[in-house]
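Heads up: the structure comes next, in structure tokens.
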Amino acid sequence: MGAPGASSGDPGIPVLEVTGLSVGFADATGAVVPVTADVSFSVSAGQTLSLVGESGCGKTVTASAVMRLLPHPAGRILSGSVRLGGREVTDLPLPVLYGLRGSQMAMVFQEPMTSLNPVRTALDQVMEVLRLHRAEVPARERRAAALKLLEEAEFPDPARRAASYPFQLSGGMRQRVMIAMALAGQPRLLIADEPTTALDVTVQAQILSLLKRIRAEHGMSVLYITHDMAVVSEIADEVAVMYAGQVVETGPAARLLAEPLHPYTRGLLACAPRLDSRPRTRLESIPGAVPAPAEYPASCRFADRCPLAEAACRAAPVALRPVRGRQVRCIKAGA
Ligand SMILES: Nc1ncnc2c1ncn2[C@@H]1O[C@H](COP(=O)(O)OP(=O)(O)O)[C@@H](O)[C@H]1O
Ligand code: SF4
Ligand SMILES: [Mg+2]
């Protein structure tokens, strides 16, 4: 069952290709502080790439740059390219971009309350996406189509409850409304930014399996952002690990999870107890914190927290390089 919007496109061309993307924010003095540097990854048709890293590593900033939703006027793309189905979007005029948002790429956020309109019902908001992006659905059929989308997003009893306002819904139900809105435009790419982080574990598991089902049914590609390696192991085909604004390891999920090559990837895995079947006496964690962008070191950005750090790690910037079929930003990886 392929949706027309989702199945179009040349299968040889990645649905999303991010190359050398650097994003910065202007501070109070007008000086621009880079927060991400040279971020590259690509998402193939029907695949899920998980962008994973601790809070503050630049995941949301990267996703916002892809959607061209960086806070205005402080946020800006400093360099790099974002191609959607082969088409560069970083320099597209805004009216063209508005057409692509929703119909080619849609985003589901961690806190749906910030993106839902508080004074419109759930049903109205799904119908509005249909009005904007699905001209082939006649106005008289929009209500039925919106109810069907809500049903597909496993929104409970849509015929009765879709007339509710966002504040009358639980966090899980709001997230289902966001997912129905995202589906309404039949995008080829769904960007999900920590969509389950604010939910309790039961609802989290339901939303994750819902996203897996709709991805398969619609042949969509997904950029799934999370800080949680247990979620990565559930959903990802490919992984890009981000630390302090840089990609530090990329590769196929199964291999990266089984044999993490970057010390940061190993640290993240150690923080995901559900992945580890060995009995443990304490929850391992990575000591220290992600540096603020103005304090990124010029050498390996992970050096202050890395158990393997040595003088050479602090001598110069560390580039991504191929190691065992992956890209890794560590001078010791594979040694
Ligand atoms: N509007 C903003 N102005 C200035 N800095 C920002 C802004 N938004 C995010 N940042 C900075 O960019 C870095 C990356 O943030 P973010 O992408 O939100 O991280 P993540 O999503 O990985 O938790 C952080 O250091 C954050 O402080
Ligand atoms: S380059 Fe050195 S400090 Fe950086 S991650 Fe590798 S071992 Fe650790
Ligand atoms: Mg974020």
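Where Lys and Arg each count +1 and Asp and Glu each count -1, what net charge lies around D193 among other residues with Cβ under 12 Å from its Cβ?
-1
Accessible surface for S233 stands near 50 Å², nearest 10, in the context of the full protein assembly shown (1.4 Å probe).
Rounded to the nearest Hz, the phi-derived 3J(HN,Hα) couplings of region 311-323 under the Karplus curve 6.51 cos²θ - 1.76 cosθ + 1.60 (θ = phi - 60°) are 4, 4, 5, 9, 8, 7, x, 9, 8, 5, 8, x, 9, where x marks glycine and proline.
A cut-off of 5 Å between modelled amide H atoms, ignoring neighbours fewer than 5 places along the same chain, links L16 with V43, G85.
Using a Gaussian network model of the chain in which every pair of alpha carbons under 10 angstrom is joined by a spring, one finds that among G325, G102, G30 the greatest mean-square fluctuation is at G30. Accessible surface for E217 stands near 60 Å², nearest 10, in the context of the full protein assembly shown (1.4 Å probe). In this structure the amide hydrogen of L51, modeled in the peptide plane, comes within under 5 Å of the amide hydrogens of Y224, I225, T226, A240, none closer than 5 places in sequence on its chain. For G219, the shell of other residues with beta-carbons less than 15 Å away shows a net charge of 0, using +1 for Lys and Arg and -1 for Asp and Glu.
Annotation: amide H of G75 within the under-5 Å range of A26, sequence separation 5 or more or interchain, hydrogens built in the peptide plane. Carbon-plus-sulfur accessible fraction, region 21-85 (probe radius 1.4 Å, protein heavy atoms only): 55%.
Roughly speaking, to the nearest percent, how much of region 147-258's 1.4 Å accessible area is carbon and sulfur?
Numbers: 1930 of 3690 Å².
Answer for region 147-258 is 52 percent, counting heavy atoms of protein chains only.
By average Cβ neighbour count within 10 Å, what is the ranking of 158-170, 246-258 from highest down? Can you show the working numbers first?
Values: 158-170: 15.5, 246-258: 20.3.
For the peptides 158-170, 246-258, the packing ranking is 246-258, 158-170.
For the pair T19 and E310, label points projected 7 Å from Cα toward Cβ lie 3.6 nm apart.
Rounded to the nearest 20, the size of the Cβ-charge dipole of the chain about its Cα centre is 220 debye, with Lys and Arg at +1 and Asp and Glu at -1.
Counting only heavy atoms of protein chains, what accessible area per residue, in Å², does the chain have with a probe of 1.4 Å? Each step should come with its number before you reach the end.
Details: 15070 Å² over 335 residues.
Averaged over the residues of the chain, the accessible area is 45 Å².
Helices in the chain, meaning DSSP H runs of at least 4 residues, each add -39500 (n - 2.57). Divided by all residues, the mean residue ellipticity at 222 nm is -9000 deg cm²/dmol.
Across region 24-39, rounded Karplus estimates of 3J(HN,Hα) from the backbone phi angles (6.51 cos²θ - 1.76 cosθ + 1.60, θ = phi - 60°) give x, 10, 6, 8, 4, 8, x, 6, 8, 9, x, 10, 10, 9, 6, 7 Hz, Gly and Pro being marked x.
The values are calculated or read from the model by the stated rules, or taken from the named source; none is laboratory data. Source: prediction; values computed, not measured. In this analysis, Cβ positions are derived from the backbone assuming ideal geometry, glycine residues included, and neighbour counts consider all displayed protein chains. The protein model used for the area step is the full one, side chains on, heavy atoms only, and it has no ligands, DNA or RNA in it. Shrake-Rupley method; radii C 1.70, N 1.55, O 1.52, S 1.80 Å.
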